[in-house]
Amino acid sequence: LVFATILAVMGAIWALALTRVFVHHTPVLPVLFNWTPSLPYRILLVDHGPAPLVSGDLIVYAFDGEAAQRDYPGLNRQPFFKRIVGVAGDVVTVDGRDVFINGHHVGRARTHTFDRRPLEPIAPTAIPPGQVYVQGSSADSFDSRYRSSGLVSTNDVVTRVRPLL
């Protein structure tokens with residue numbers, strides 16, 4: 001009985017792992033739930049509207065930043081929930097660890113991750129077409145302020161969302 005239980009649990013783990021490989025990581029249901037402190041909203045309604053992405057939009061995107069390839073492979077294609085703060089043509093500047101979009105202060109980059117790995121701020125740039133700058137409202141949010149997160153390709157945006165609660 002114990003062996004059968006262990007075998008069933010191992011089979012379930014393998015089935016879930018295979019599902020992650022062959023099925024989109026973020027199922028787009030009509031309602032999504034946010035459990036992180038990245039933004040203050042907990043329940044979100046998916047917005048299927050065809051409107052272009054604009055500054056201020058709340059989005060869910062599949063993470064494809066440098067950190068997923070280098071330090072945290074478990075982040076690769078994981079769903080992130082952030083607000084668009086900069087769009088194509090906006091100018092990102094950095095003064096020390098303070099980050100600005102078109103001259104407006106949008107945040108301060110931390111020096112280290114929670115596990116003490118060093119963090120570098122994003123490099124100054126003009127946001128190219130097909131990319132957006134995203135940010136959470138928490139000072140601890142891992143977002144475009146950091147080189148290892150970077151700008152987000154609009155191709156990685158899964159959906160736009162609207163807060164319900």
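The values are calculated or read from the model by the stated rules, or taken from the named source; none is laboratory data. These figures come from a predicted structure and were not determined experimentally. In this analysis, Cβ positions are derived from the backbone assuming ideal geometry, glycine residues included, and neighbour counts consider all displayed protein chains. Heads up: the accessible areas ignore ligands, DNA and RNA and are worked out on the full protein's heavy atoms, side chains in. Shrake-Rupley method; radii C 1.70, N 1.55, O 1.52, S 1.80 Å.
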- Enumeration of residues in the range 63-97 that are open to solvent by less than 20 Å² (accessible area, probe 1.4 Å), under 19 Å from I127 (Cα atoms) and touching a helix residue (DSSP H, G or I) at 6+ places or on another chain (Cβ under 9 Å): F63, G65
- Query: Can V161 be described as within 22 Å of V46 (Cα to Cα) and open to solvent by 10 Å² or more (accessible area, probe 1.4 Å)?
  - Reply: no
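Conditions tested, residue by residue: (1) hydrophobic (A, V, I, L, M, F, W, C); (2) in contact with a strand residue (DSSP E or B) (Cβ under 6 Å, 6 or more places away or on another chain); (3) surrounded by 10 or more Cβ atoms within 10 Å (Cβ to Cβ); (4) modelled with pLDDT of 90 or more.
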| site | (1), (2), (3), (4) |
| --- | --- |
| G11 | no, no, yes, no |
| V21 | yes, no, no, no |
| V28 | yes, yes, yes, no |
| N34 | no, yes, yes, no |
| G49 | no, no, no, no |
| S55 | no, yes, yes, yes |
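Quick check on this structure: which one of G74, G130, G136 is over 12 Å from the mean Cα position of the chain (by Cα) and within 22 Å of L32 (Cα to Cα)? Spell out the reasoning first.
Values: G130 fails: within 22 Å of L32 (Cα to Cα); G136 fails: over 12 Å from the mean Cα position of the chain (by Cα).
It is G74.
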- Candidate set: the range 129-144, residues that are open to solvent by 50 Å² or more (accessible area, probe 1.4 Å) and at pLDDT 95 or above; chosen: the one farthest from G56 (Cα to Cα): P129
- Query: Looking only at the range 100-128, which residues are surrounded by 11 or more Cβ atoms within 10 Å (Cβ to Cβ), assigned to a loop (DSSP other than H, G, I, E, B) and of a type in the set (A, V, I, L, M, F, W, C)?
  - Reply: A109, L119, I122, I127
- Unique residue being closer than 14 Å to S38 by Cβ and of a type outside the set (D, E, K, R) when the list is G86, G107: G107
